[in-house]
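What follows is one structure encoded as structure tokens, with my remarks underneath.
The values are calculated or read from the model by the stated rules, or taken from the named source; none is laboratory data. All figures in this text were calculated on a predicted structure; none of them were measured in a lab. Here Cβ is always computed from backbone atoms with ideal geometry, including for glycine, and neighbour counts include all displayed protein chains.
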Amino acid sequence: MLPADCSRRLLAELRGALDACAERQRQLERSLRVSRRLLRAWEPVGSPTAEPTLGPDTQKEELSPGTPSPQDLKELELLTQALEKAVRVRKGISKAGAGNKAPLPKSGSIVTPATTAPLQLRAPGRAGSHASETKAPRGICQTKAPAKGHPQHKPLSSGDRTSQERASRTTGPGLGLRDQATAPPAAQPAPEAFTLKEKGNLLQLPAAFRKAASQNSRLWAQMSSTETSDSAGATATAKAQFLQKMQVASGLCGPRLSAAEMEAEVRRLQKACWLLRLRMQEEVAAAPTDWKQELRCLLTLEGLQAMVGQCLHRLQELQAEQQLGPWPVGLPPRSLSPCGEEDPSWGPRLLLYSSTQELQTLAALRLRVAMLSQQVHLEKVLMAELLPLVSARGPQGLPGLPLCRAVHSLLCDAGERFPTILRDEPTG
Amino acid sequence: MGRRRRGVDRTPGAGSGALPEAIAALSRALSAGPSPETFRRAKFDRPEAAPALWQLLFRVLSPTTQAGAKASQGPEAQVRFVKAALRCQGYPRPALAQLPEDGSQGSRELLLALAWLLARGPLLEQLLARTRVRLGDEMTVCECEDVAYDGASVGLPALCVEPNLHVDIRHVQWLMGKLRLRWRNLVSSQQEQCALLSKVHLYTRGCHSERSLGHLSATETELLRDPDGSRQLLQALEQENARLEAAVQWRRRELIFWQWMDTVLDSCPTQAPGAAPQPMFLPRITDRGPRQWGLVAGELQALQEQLQAAARPRRAAWEAQVRGRSQDPAWSTTWRAVRQAVDLELVALQGAWDRSGTPAQPHGPHRLVRSESGALAGRGLWAAEAIRALRSKEACLEVALRQLQGQCRQELARLVGTLSGFIWIPPPGR
């Protein structure tokens, strides 16, 4: 069993590390839920519900408060033809299969008005979208210039439609038919189940949103430019003078370090220690061949010693500063200036990747670096806590052995492997 | 008092409304800050201006995640928090610490504190960036957020541990294993998320109104799916735009404010020089800072001892050698040359940690943009470069970890060697 204060500190560190991991996981889960949902089938906002069959009249009334433009009508015409063809193809298939003959003749007539419904997806009732834009700014899905996209859509759509129909039949009523209590089976023309994969490149952000977003980026750009403009020179001097006066008026001799600065200093010194140690190991490992190299080695080692002395001195200065007051309650020092705010350019920062593989590599490396730095920190903490325990128990012998074994595995192999201890019995 | 003309505070060369306008812009940029009248009262240290300013400082200084929780604790807790946070930032004036905790006084001191925060750094930009509406799928490549994650959980766990708890080493092993498992889960979730995001970007190619971005982000696609979310996002964007406009206006009129603040500072009674700053006796719940300090101090001292142990015998050997040679003139020039070379090297080494941070490293969250053609070169950070930088960091960290583990191995072998009657067989490999 470990002593109480050691236990407390170890538990605090380890639980902190576990909580940090859990927090990351929670955030990831949130984003994962969103992404998974987006890649299933869903309805873009403002589109007519893709239930094309029963009650098409009531649905149609909700959908198209205005009259479609002539171009849209032409489009509808073409698409209707494509759909009718698709239905004919399916008729042939379903005749061979389930044989729901009765609804079929109706399906022809149902198809036409029904297709106007899903087609609202494509040819936006531009009228419809105008009308709703005057209402609350709801996102509305519009297509791009139909003339441009249309020739490609036509051959695609029938293919899409039939495959979707098949898919919807095989996967069951599912997606497009959720509001339909009595959906006619098989003869159902394609519920226009929207999937990002097939229709993703037809999406367009709502106009109100686009306007707000562009204004936002313009204003942020303005913020960074006003900082660097020349007229800010007088303001900068005024601010500096004010700070100076504050310092003088407070009666302190020098500027106090903020907590964040102090932490940065400590980290700097930690980095210094590591670099100095590396250098020392290089020098000690090298075998000097002539007296010049011996001299160099000696002078370097003594120089390193002096630098370590300076670092220790600086550390003691920081300690003295800190004596003026302990760290405040529950106030993480970095909370007030998280990263990204030191960068003066508040404009858009992009990270460009070219393939899924690259993105995954980047993300995995990112996590690996975070994990390794946590491991290094924990290793130091464990060393500081556990090594003294082992050395204290050494002379006692047997009671310390399980502890030695556990400590060795934790410190030297990250808990993955264990040493073996054999009792050395004298023979005979 | 109410009939006193605002012109009394008029600084030469400014229009009569310029200062209130500047302050109004500042308040709008801070999102619902106190009115210019409150500021004016604060200059004369009127008590009625104090509560509004305490609340403003509380809002400005608390991190967004904790603001809600702390706000419910009442005005005394807010006052204590503001005092602690300003101390943390290095606020120089001791008068702040002496203000009563019921939040009824000290409006002039608070006004000075606010001005101090504004003067020291880009406070407005930082506040706006903290709550900035993120439209893209963001990823950070620097490590600053790691510290934020670790720091966020620092205060609480220690509270849950009873003071006299003894822990078995096996519990420690179990916790370490649990940590390893959690990291593994994290990595696999992250890989899935990357794959999904990549698909979303791929499928929405060509949709974005901004040609330079090229495709929608998951956030933007989500708002096409979810009308409520879309409304909220739009509202948030519009609010942010309003604050940004106010901040731009403030920037244009700042100078008048600073001239006025000079007069405020002058109207303060002068501090007695040499008055000892009162330390704040707050119970130390988390000792992360001092622990860090302790670790570094221990490392440096150990290093110094090792250097001494390495240098002393070499110096002795050298002294013995040199006795015969000091007469040779050529030798002394060589000696000086070697000395200079060593000094230069050491100075360069010191530069490696003296440099304030790594300037080349990009900070902060970046918006992910899929771009196969390379058409967006120059507009952002390339994933390949970020990967390179991360790999070198990974290598450094691995070296550091191996070195620490090697140290432990040696130390344990030494300690265990003192036990007699046992054979110690370390695990194979590595």
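For this structure, a couple of remarks:
- Of residues in region B:206-229 being touching a residue at least 24 places away in the same chain (Cβ under 8 Å) and at the interface with chain A (Cβ under 7 Å from one of its Cβ atoms), the one nearest to A:LEU205 (Cα to Cα): B:GLU220
- Residue in region B:59-67 that is modelled with pLDDT of 85 or more, of a type in the set (S, T, N, Q) and outside any helix (DSSP H, G or I) present: no
- The residues of region A:282-300 that are assigned to a helix (DSSP H, G or I) and over 46 Å from the mean Cα position of the chain (by Cα), listed by number, are A:TRP291, A:LYS292, A:GLN293, A:GLU294, A:LEU295, A:ARG296, A:CYS297, A:LEU298, A:LEU299, A:THR300.
- Picking from residues in region B:358-373 that are part of a loop (DSSP other than H, G, I, E, B) and at the interface with chain A (Cβ under 8 Å from one of its Cβ atoms), the one that is modelled with the highest pLDDT is B:SER371.
- Checklist (1) outside any helix (DSSP H, G or I); (2) at pLDDT below 85; (3) more than 9 Å from every other protein chain (Cβ to nearest Cβ) applied to B:TYR91, failing item: (3)
- When B:TRP250, B:TRP258 are checked against the criterion of being crowded, with 22+ Cβ neighbours inside 10 Å, in contact (Cβ under 8 Å) with a residue 12 or more places away in the chain, touching a helix residue (DSSP H, G or I) at 6+ places or on another chain (Cβ under 8 Å) and more than 7 Å from chain A (Cβ to nearest Cβ), B:TRP250 stands alone in meeting it.
- Sub-9 Å Cβ pairs linking a first residue in region B:129-155 that is basic (Lys, Arg) and part of a helix (DSSP H, G or I) to a second residue that is surrounded by 18 or more Cβ atoms within 10 Å (Cβ to Cβ) and at pLDDT 65 or above, at least 6 apart or interchain, are B:ARG130/B:PRO63, ordered by first then second residue.
- Residue pairs meeting the criteria (Cβ under 6 Å; at least 6 apart or on separate chains; first facing chain B (nearest Cβ under 7 Å) and under 20 Å from B:SER217 (Cβ atoms), in region A:350-374; second part of a helix (DSSP H, G or I) and polar (S, T, N, Q)): A:THR356/B:SER198; A:LEU359/B:SER198; A:GLN360/B:GLN191; A:ALA363/B:GLN190
- Residues that are assigned to a loop (DSSP other than H, G, I, E, B) and either under 25 Å from A:LEU278 (Cβ atoms) or touching a Pro at 6+ places or on another chain (Cβ under 6 Å) (or both), drawn from region B:399-428: B:PRO426, B:PRO427
- Qualifying residue in region B:192-201 (condition: in a helix (DSSP H, G or I), more than 7 Å from chain A (Cβ to nearest Cβ) and closer than 12 Å to B:ARG370 by Cα): yes
- The set of residues in region B:381-398 that are facing chain A (nearest Cβ under 7 Å), surrounded by 16 or more Cβ atoms within 10 Å (Cβ to Cβ) and assigned to a helix (DSSP H, G or I) comprises B:ALA383, B:ALA386, B:ILE387, B:LEU390, B:LYS393, B:GLU394, B:LEU397.
- Flag for B:SER31 being at pLDDT 85 or above and among the polar types (S, T, N, Q): no
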